[in-house]
Amino acid sequence: MNWRERLDIFAHWKSIHHLVILPMATEPYEVVRDSFSSLAKSNYPLEKLLVVLAIEARAGAEARSTADRIIGEFSDFFPNLLATVHPSDLSGEIPGKGSNEAWSAKEAKEKMIDRLGIPYENVLVSVFDVDTQIYPEYFGCLAYNFLTSEHPQRSSYQPIPLFTNNIYQAPALARVISFSATFWQMMQQSRPERLTTFSSHAMPFKALMEIGYWQKDIVSEDSRIFWQCYLHYDGDWRVVPLFYNVSMDANVAPTFWGTMVNLYKQQRRWAWGAENIPYMFEGFRKNGKIPMSAKLYWSFHGIEGFHSWATNSLIIFALGWLPVLIGTGDFNQSVLSYNLPSITRYIMSFASLGIISSAILSVVLLPPKPEGIRLRHYALYLLQWALMPVTLILFGAFPALEAQTRLMLGGKYKLGFWVTPKGR
């Protein structure tokens, strides 16, 4: 669909500007360049894009060299292009995306938005991981949803992440985990009443200013920004699903075992999003304007979601044999004990329908194949979904249990922000 053409029904659509923030640490030039190349191919007036490459000072001379190359190569495409340098060791901050994004947004306000005299309510902020590659209609789709939203200035806007930039170079386990994350986000978009922001997303710049930008001392800034807005505006905040995708990197390291370690660390960092639960509870306690029904709804789904993440796959794994193993003599003589393996088999057979459909859809969503990919590879891409039980336990339940246990213990056990290594 040509979303840019659909914008013509709005006389004022050209007043909408897009602030694009790409925080960067030690990612190589090739990764950053691919993301900027996708921006340059947008079916949207490039003069309406305010593009910021936000590098970390602690990343050193190599990051600065990458930023200089990007600025030199793409300044002709983007009239408003800025590189910011986030200082290290600032008081009240931890190294991470949130603190970098907050610094770069303030720099963009002063050096681009205010200088150009753009009204704050006419700016949408898209904050991307630096490996995020957009498709040509992204900004048109975002602007259309913003202009047709019932509450445009009180909404975040969430695309669907596809982790397919380097999917053909990823080992089987990494591919299954990547597509599992995509499918989860697809399901969440079909129930927007439970949707919160994740990874690459967009929001109005005016609201971002009013809440004081991203918090600088947390790890899960992508989901925390939703709760900052929700509490600040007394529950008058929601996420609008875009039903449009952006493309990101699957987790791939130079070696198989290196990839496995990185996958575990990435999932653990995502599971650290449980830090939002105490923040949410404390905000609910202090804010008497949010309806009690909304507080109970979000509290239940927040706890249930993280609890299920850490326990469901282990419960399913143990369902068939554990009661028989630890049951008493009377239980092992019961009809339930006799039928339990059969019941478990039926449950697993029914659940396999979901795995089969996931396998088919994952092949459909693969990008154009590179040289060297043959038909037999697609057969393997289908068969790889037999690894789903392993991924759910080793890269689902275990990192979630560790993250929640660390959150409970606090102190030296707290997690800092871990940058997922990128490469081509």
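The values are calculated or read from the model by the stated rules, or taken from the named source; none is laboratory data. What you see is a predicted model, and the numbers here were worked out from it, not measured in a lab. Note that each Cβ is placed from the backbone with ideal geometry, even for glycine, and that neighbours are counted across all protein chains shown. We work out accessible area using only protein heavy atoms, side chains counted, and drop any ligands, DNA or RNA first. Shrake-Rupley method; radii C 1.70, N 1.55, O 1.52, S 1.80 Å.
Close amide-amide hydrogen proximity is noted between GLU137 and ASN43, each under 5 Å apart and 5 or more residues distant or on a separate chain (H modeled in the peptide plane; Pro and chain starts excluded).
Across segment 95-217, C-alpha contacts under 8 Å between residues 6 or more apart give a mean separation that, scaled by the residue count, equals a relative contact order of 49 percent. Taking a sphere under 15 Å around the Cβ of PHE183 and counting the other residues whose Cβ falls inside, with K and R at +1 and D and E at -1, yields a net charge of +2. Modelled spin labels at THR405 and GLU304, positioned 7 Å past Cα toward Cβ, are 2.7 nm from each other.
Local charge for ALA63 was computed over the other residues whose Cβ lies under 13 Å away, with Lys and Arg +1 and Asp and Glu -1, and equals 0.
For PHE284, neighbours were defined as the other residues whose beta-carbon sits under 14 Å from its Cβ, and their charges (Lys and Arg +1, Asp and Glu -1) total +2. The share of accessible area on the chain that comes from carbon and sulfur is 61 percent, using a 1.4 angstrom probe.
With a 1.4 Å probe and all protein chains kept in place, how do MET203, MET408 rank by accessible area, largest first?
MET408, MET203
The string of couplings for segment 50-56 from the Karplus curve (6.51, -1.76, 1.60, θ = phi - 60°) is 10, 9, 10, 9, 9, 9, 9 Hz, one whole number per residue in order, with x for Gly and Pro. With θ taken as phi - 60° and the Karplus curve 6.51 cos²θ - 1.76 cosθ + 1.60 applied, the whole-hertz 3J(HN,Hα) list for segment 98-107 is x, 5, 5, 5, 4, 4, 5, 5, 5, 5 Hz, x standing for glycine and proline.
In the elastic network of the chain, a GNM with C-alpha springs shorter than 10 Å, the most mobile of TRP184, TRP214, TRP321 is TRP321.
Secondary structure note: in the chain, about 20% of the DSSP beta bridges are antiparallel. To the nearest Å, what is the center-to-center distance of segment 219-263 and segment 298-375, using C-alpha atoms only? Each part reduced to its Cα centre gives a spacing of 25 Å. For HIS12, the accessible surface of its heavy atoms amounts to roughly 100 Å² (probe 1.4 Å, protein chains only, rounded to the nearest 10). Distance from the C-alpha centroid of segment 173-204 to that of segment 95-158: 19 Å, rounded to the whole angstrom.
Can you sort TRP237, TRP257 by 1.4 Å-probe accessible area, starting with the largest?
The ranking, largest first, comes out as TRP257, TRP237.
Result for the chain in a Gaussian network model with C-alpha springs under 10 Å: among LEU39, LEU383, LEU195, the largest mean-square fluctuation is at LEU383. Based on C-alpha pairs under 8 angstrom that are at least 6 apart in sequence, the chain has a relative contact order of 20 percent. Between 0 and 90 degrees, the angle of helix 276-286 with respect to the longest Cα principal axis of the chain falls at about 70 degrees. Using Cβ point charges alone (K and R +1, D and E -1), the dipole size of the chain about the Cα centre works out to roughly 560 debye. If a spin label sat at a point 7 angstrom from the Cα of ASN332 along the line to its beta carbon, the backbone N atoms of segment 285-326 nearer than 14 Å would be those of 321-326.
Accessible area of LYS422 (1.4 Å probe, protein heavy atoms only, ligands and nucleic acids ignored): about 50 Å².
The figure for GLU107 is an accessible area of roughly 40 square angstrom, using a 1.4 Å probe on the protein chains alone. In this structure, the amide hydrogen of VAL20, modeled 1.01 Å from its nitrogen in the peptide plane, lies closer than 5 angstrom to those of LEU50, VAL51, VAL52, SER126, counting only residues at least 5 positions away or on a different chain.
Solvent-accessible surface of segment 1-136, averaged per residue with a 1.4 angstrom probe and all protein chains in place: 42 square angstrom. Between PHE183, PHE317, PHE306, the residue with the greatest mean-square fluctuation in the GNM of the chain (Cα pairs under 10 Å linked by springs) is PHE317. Accessible surface comparison of HIS18, HIS232, probe 1.4 Å, protein chains only, largest first: the order is HIS232, HIS18.
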